[in-house]
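Notes follow once the structure below has been shown.
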Amino acid sequence: MALDRRAELGEFLRSRRARLKPEELGLPDYGGRRRVPGLRREELARLAGVSVDHYVRLEQGRTLHFSEAVLDAVARALRLDDVERGHLYRLARPYTEPAGAPAPEPQGVRPGLRRLLDSTADVPVYVVGRYTNVLAWNDLAAALITDFGALAPAERNFARMVFLDEGMRSLYADWRGKAADIVGYLRLDVGRHPGDPSAAALVEELSAASPEFREIWAEHGLKEKTHGRYVYRHPVVGTLDLGFETLRLPDDPDQALIAHTVEEGSPSHAALRLLAATHQSVAVR
């Protein structure tokens, strides 16, 4: 079953209405007697300059043929950022892929890109595809995160690992933050490929298996993978505070190369060098 775009659109808009505080927008709060948090639909429509009926039809997904002007006005009223605005447009505009179209072909990584990963031995580097699938990695990424090669291809998925692998909970110092990021990436991908049943199947699987996934998914957070940092608590070398940079492949935007970075001379740099040396000595044996 593919993504229900109308339901997703309504839930997304309601989640963004709920985070707006009426008093911050100069609206009366009626003494706290609101039945739901945030703005009422009527208030949002007034702020956007559209009719209440028009906005209700948008939020209820009665049609997916809204003009760019209406979507722009709603996005401004909801104070959406660029990532959220793009997500709204994808959900609220007609989808061009015909019904019943086959699922996208399995993603592959070019040999040249694999050679690039193999030649980058000083920092962990890996390639992530659709729906947080890990497509390729270098030895140091495997030493830092997990032995991807020992996993079945279907299990090389960050969302599955973060929510279903107990080892990941101890690996990330801020597991909840990592989990929220992963869900945000996944939701963006699902919105980009609403006709792919494998996306809906992954969300259904994780929802059934993990109460935390259900909770975070219901928040409708969105996260574009660009740059940032994570603190790892590695069982062999201890704490590593690593940055990361993301490079989207120009000819396949569904693939992203993620390279960790570390400040030279820092404790994390020393720990990363120790991890590389330890992993190399184990591999030689």
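The values are calculated or read from the model by the stated rules, or taken from the named source; none is laboratory data. Only a predicted model underlies this, so the values are computations on that prediction, with no experimental measurement involved. In this analysis, Cβ positions are derived from the backbone assuming ideal geometry, glycine residues included, and neighbour counts consider all displayed protein chains. These area figures cover heavy atoms from the full protein model, side chains too; ligands, DNA and RNA do not enter into them. Shrake-Rupley method; radii C 1.70, N 1.55, O 1.52, S 1.80 Å.
At-a-glance table
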{"quantity": "Output for the stretch 228-239, where each listed residue is of a type in the set (A, V, I, L, M) and part of a strand (DSSP E or B)", "calculated": "Val231"}
{"quantity": "Count of residues meeting criterion [in a helix (DSSP H, G or I) and open to solvent by 50 Å² or more (accessible area, probe 1.4 Å)] in the stretch 139-160", "calculated": "5"}
{"quantity": "Given (1) open to solvent by less than 40 Å² (accessible area, probe 1.4 Å); (2) at pLDDT below 90; (3) farther than 12 Å from Ala92 by Cβ, number of the condition Gly26 does not satisfy", "calculated": "(1)"}
{"quantity": "Qualifying position, being open to solvent by less than 50 Å² (accessible area, probe 1.4 Å), at pLDDT below 90 and among the basic types (Lys, Arg), among Arg6, Arg16, Arg34", "calculated": "Arg34"}
{"quantity": "Test set (1) under 23 Å from Thr226 (Cα atoms); (2) assigned to a helix (DSSP H, G or I); (3) open to solvent by less than 50 Å² (accessible area, probe 1.4 Å) - Ala136 fails condition number", "calculated": "(2)"}
{"quantity": "The stretch 224-239, residues that are touching a Lys or Arg at 6+ places or on another chain (Cβ under 8 Å) and either under 17 Å from Glu8 (Cα atoms) or surrounded by 15 or more Cβ atoms within 10 Å (Cβ to Cβ) (or both)", "calculated": "Tyr230"}
{"quantity": "Every residue from the stretch 129-156 that is touching a Phe, Trp or Tyr at 6+ places or on another chain (Cβ under 7 Å) and closer than 24 Å to Val190 by Cα", "calculated": "Thr132, Val134, Ala136, Trp137, Phe148, Arg156"}
{"quantity": "Checklist (1) more than 25 Å from His193 (Cα to Cα); (2) outside the structural domain of Thr132 (by the TED database); (3) surrounded by fewer than 18 Cβ atoms within 10 Å (Cβ to Cβ); (4) at pLDDT 85 or above applied to Ala45, failing item", "calculated": "(3)"}
{"quantity": "Total residues in the stretch 240-278, condition surrounded by fewer than 15 Cβ atoms within 10 Å (Cβ to Cβ), polar (S, T, N, Q) and not in a strand (DSSP E or B)", "calculated": "2"}
{"quantity": "Residue satisfying all of: in the stretch 161-197; in contact with a helix residue (DSSP H, G or I) (Cβ under 7 Å, 6 or more places away or on another chain), open to solvent by 20 Å² or more (accessible area, probe 1.4 Å) and in a helix (DSSP H, G or I); farthest from Ala7 (Cα to Cα) among these", "calculated": "Arg169"}
{"quantity": "Answer from Leu202, Leu206, Leu222 - the residue that is not basic (Lys, Arg) and not in a helix (DSSP H, G or I)", "calculated": "Leu222"}
{"quantity": "Only one of Ala283, Ala218 that is open to solvent by less than 90 Å² (accessible area, probe 1.4 Å), within 30 Å of Ala18 (Cα to Cα), modelled with pLDDT under 95 and of a type outside the set (Phe, Trp, Tyr)", "calculated": "Ala218"}
